[in-house]
Structure formats: structure tokens, C-alpha cells
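Worksheet: the structure to be examined is printed underneath.
The values are calculated or read from the model by the stated rules, or taken from the named source; none is laboratory data. These figures come from a predicted structure and were not determined experimentally. Ideal geometry is used to build each Cβ from the backbone, glycine not excepted, and the neighbour counts take in all protein chains shown.
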Amino acid sequence: MKTIAILGTMDSKGHEHAFVADFVKARGFSALVIDLGTGADPQIEVDVSRYEVADAGGVDIQALIDKKDRGECVVAMSKAAPLYLAKLVEEKKIHGVISLGGGGGTALGTAAMRALPVGFPKVMVSTLASGNTAHYVGTKDITMIPSIVDVAGLNSISKMIFTRAAGAICGMVEAEPDQTESKPLIVASMFGNTTDCVNHAKQILEEKGYEVLVFHATGIGGKTMESLIESGMVAGVLDVTTTEWADEITGATLSAGPTRLDAMSKAAIPAVIAPGCVDMANFGEREALPAAFENRTLYIHNPQVTLMRTNAEENEKIGKVIAEKANANSAPVAILNPLKAVSVISAEGLAFHDPEADQALFSTIREYAKVPVIDLEEEVNSPAFAEACAHKLLELMASQA
């Protein structure tokens, strides 16, 4: 019998979670009720106490409860709950998770869900589900369902929503994906300015029996790709569009954060890296460009996106980051430099052509990289560069097999 975790603050929303647990049991599943409450005693009988959850994170939750600081309690439990839930999943003790909550409950429930693998069934019924949920969902496949009314009692509306949500998690657990024809996965990063490169390389890799998943390097795309790499589901990384580091260095809008390029090392996955589109940092409308960048080379991509050409100093920083991130990977890695253009618009005669900035980038990569660096007299989107990237990745993966 499969088990669904019913996760939440049972001191304030115990009856609502019990309603969901009863539905789950009626559908033939086992329900594991896990208490994350830090206020009064649970309203219902629970299977896992708040103390058991807190112990997973080394938290003395009773001491925090005694201080009567709800915020501190929620922070502590949001650190402990992911560890506890991830262990249950790793040990195959649960097969899905559902939670109901307001602000605090949503923060707790989704923190735990974000620690779980992509594909593991996750449902969060929340009063916040109709707003910006990016910081709750992160890079994981959490299904957010608006509660419509507050999660504060059982009434005709809440029972309808909870019933549908409980049915959703049961259906997710029942719906096992067909893995019989699964192929090894390769992930690739792409921007509009590297589309031709990635599409051509993708075709070569697919002909060799791989499934290639392409991620748009727009900040959240890079974060999502990193999350999938770290999960261990990936056989190889074709990271030819590292443009998010241009945004991280300059403070532009599409940064994926300072951990971008870390996942390949954590999972020890073979990778081919290229400085694709690091010539451009992304800002919003032209009128909203920070004053500090007014005298820089700009390109209006569309009315909502203004691109700024990165300069030599910024490219030195980007090159050093790329090299050091590559050096950290114990799996085979190679960096390929497209010396003639890192994007469509950085080729000779075009808007972002800047030999000084490019030289700063390439020379810094060569200086700091301890992995193979291959310089190619090609533009990033040339068929020859795409083929070199694809064949090098195939070689690296074969060498680790």
C-alpha cells in the first residue's frame, strides 16, 4: 500500500488535514500525518510529532516554543522539515505529499517539498496560491492550489477544495510514468542568441541515443537546470549558454545566482561549457536602465528588454568564474571558446562586437582553467562549433562510463 504524507501545522489546522487524510485512506492509501505546528497541542492524533521532525534538523523546538517567537519557530521548522521529508522519500516510506496552509503553513510545506526530487507528487493548498508563487515553488514541480477561502475550518467551499486537492494527490501517486523507453538525459542551456548552436548539437546527441532537455537561460531556467543536474538524473551537461553569469556580475535581471554551474560538480557529471551570450546583460525597458549604465553599449532587443554589452573588466570576472566552476568538477569537463563571436550580435560588424572584451574573457579562462580549454575560430552558432561541443560531450561521457 502506498503512503501519502499529510504535512502541516496540526495545532491550528489539524481538522482540515484530518479531512484530507480520511479521503486519502478512503481511496485505499495509507496516510502519514506529520505535525509541523509550534503552538498549542495538535488538534488531532498525529503519526509524526513536531519533536521528531525538529530532531532531524538538530532543533530544540520546545526551547523555541517556550520563547513564544512564532517567526523563529517557523524558520527552524522550515529547515528541519525538508531534511525529515527527504529522508522519508529516500527510504521509500512515502509516495506523495500534500499540505494545507496560510502564510506560515505555505512557507513550511513548500520548504519541505522543494527538498524532494522532480517527479515526486507534491500538492500545496494555499491562501497565497493565486499570487507570485516563485519563492514557494522554486525550481520544483509543486502543484499550488488556491484555497479560495482561508484554511480555517470546514465549510462547503473548503471541503470542495480539499476534496479536489486530495483527489489530485491520489491521482498523482496512482499515475506512474512509463520508464520502459527512457533514454539517458543530457541538459543544455540556450538563449535566443545560441539557438542554432543548441539545436544542431541536440540533433547530434539525439542521434546517439540521448534525450536532450533544453533550458532557457533566463535566471529561473538556469536554476531549474541546476536542480535537475543535482538530482543525479542527468548523464551529461551541454552548458553553452552561461549568460546568466553576465547578469549576476552586473546586477542585471536574469541572474541565476552565485551557485550557477555548481550542480555539475555536486553530482560529478561530465560537462562541456562555453561562454555563450556572456556579452550581454539583460535589463528591462530602456527608460528603466540604471543610470550607472547610461554610457554603455546598448541593444534594444524588444520594448521590454534592453541588452547591455559587458566590458573587459566584467568579462575577466566571468571568465574566472567559468574556469573555477569547471575546475571544481571531478568528472571530465572541457571549456570550448567560440573566438569569433559568443552570440549572434557579437560577430564582427555587429552591435556587440568588442575584441577587447572578448580577449579579456578568453585569456582569463585560459589563465585560470585547469581543465582542457579548446579555442575554435568559429562563431558560437556555426555548425562546426555546435558539432565540436556535441562530440566533445560524447567523448567525455564515454570516458567516464
Which of the numbered conditions does L85 fail, given that it passes all the others? Conditions: (1) touching a residue at least 60 places away in the same chain (Cβ under 8 Å); (2) of a type in the set (A, V, I, L, M, F, W, C); (3) within 20 Å of K159 (Cα to Cα). (3)
Filter the range 82-116 down to the residues that are assigned to a helix (DSSP H, G or I), hydrophobic (A, V, I, L, M, F, W, C) and closer than 25 Å to E174 by Cβ and list them by number. L85, A86, L88, V89, A112, M113
Of the numbered conditions (1) surrounded by 24 or more Cβ atoms within 10 Å (Cβ to Cβ); (2) part of a strand (DSSP E or B); (3) among the hydrophobic types (A, V, I, L, M, F, W, C), L261 fails exactly one; give the number of that condition. (2)
When the residues of the range 60-81 are narrowed to those that are touching a residue at least 12 places away in the same chain (Cβ under 8 Å) and within 27 Å of the chain's Cα centre (by Cα), which ends up surrounded by the fewest Cβ atoms within 10 Å (Cβ to Cβ)? K79
Here are some conditions: (1) modelled with pLDDT of 95 or more; (2) of a type in the set (A, V, I, L, M, F, W, C); (3) within 24 Å of I269 (Cα to Cα); (4) in contact with a Pro (Cβ under 9 Å, 6 or more places away or on another chain). I204 meets all but one. Which one does it not meet? (4)
Any chance the range 355-372 includes a residue that's at negative phi, in a strand (DSSP E or B), in contact with a Gly (Cβ under 8 Å, 6 or more places away or on another chain) and of a type outside the set (D, E)? no
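Here is a yes/no grid of residues against (1) surrounded by 14 or more Cβ atoms within 10 Å (Cβ to Cβ); (2) aliphatic (A, V, I, L, M); (3) within 20 Å of D239 (Cα to Cα); (4) touching a Phe, Trp or Tyr at 6+ places or on another chain (Cβ under 9 Å):
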site: V321; (1), (2), (3), (4): yes, yes, yes, yes
site: A334; (1), (2), (3), (4): yes, yes, yes, no
site: A347; (1), (2), (3), (4): yes, yes, no, no
site: F352; (1), (2), (3), (4): yes, no, no, yes
site: A357; (1), (2), (3), (4): yes, yes, no, no
site: V371; (1), (2), (3), (4): yes, yes, yes, no
site: L376; (1), (2), (3), (4): yes, yes, yes, yes
What do you reckon, is A267 small (G, A, S), closer than 30 Å to A398 by Cβ and touching an Asp or Glu at 6+ places or on another chain (Cβ under 8 Å)? yes
How many of the residues in the range 39-81 are part of a helix (DSSP H, G or I) and hydroxyl-bearing (S, T, Y)? 2
